[in-house]
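Asker: Handing you a structure now.
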């Protein structure tokens, strides 16, 4: 079974590589002893970028994995709904 994000895999990889670059930039900023507020601004941007990826993955999960499991019914449907609920709870806590 293909994961729900598979059609957007290249987009997710591009975003994650961009975020990786942002994180490397943060390391350089700390190493260069950049003003703390400037670093915090970049941390906020990287956090927002990761949240965007997470919400996209969650949306794909709901639209594909959860919908397919609900359509098929049975214990797998309950498990997929619980997974989605737990993922949402983790995102809200973050």
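Asker: Since residue 36 meets every condition but one in (1) loosely packed, with under 15 Cβ neighbours inside 10 Å; (2) touching a residue at least 24 places away in the same chain (Cβ under 8 Å), which condition does it not meet?
Answerer: Of the numbered conditions (1) loosely packed, with under 15 Cβ neighbours inside 10 Å; (2) touching a residue at least 24 places away in the same chain (Cβ under 8 Å), the odd one out for residue 36 is (2).
Asker: Assuming residue 30 fulfils every condition listed in (1) in contact with a helix residue (DSSP H, G or I) (Cβ under 9 Å, 6 or more places away or on another chain); (2) loosely packed, with under 14 Cβ neighbours inside 10 Å; (3) not in a helix (DSSP H, G or I) apart from one, which condition is it?
Answerer: Checking residue 30 against (1) in contact with a helix residue (DSSP H, G or I) (Cβ under 9 Å, 6 or more places away or on another chain); (2) loosely packed, with under 14 Cβ neighbours inside 10 Å; (3) not in a helix (DSSP H, G or I), the one that fails is (3).
Asker: So the check is Cβ under 9 Å with 6+ separation or different chains; which pairs have a first residue in the range 64-82 that's farther than 20 Å from residue 6 by Cα and a second one that's at pLDDT 90 or above and surrounded by fewer than 12 Cβ atoms within 10 Å (Cβ to Cβ)?
Answerer: Every condition considered, the pairs that remain are 77/71.
Asker: Is it the case that residue 58 is modelled with pLDDT of 95 or more, in a helix (DSSP H, G or I) and under 12 Å from the mean Cα position of the chain (by Cα)?
Answerer: When the stated conditions are applied, residue 58 does not pass them.
The values are calculated or read from the model by the stated rules, or taken from the named source; none is laboratory data. Just so it is clear, the structure is predicted and the values come from calculations on it, not from any experiment. Counting neighbours? That spans all protein chains shown, and the Cβs are built from the backbone with ideal geometry, glycine included.
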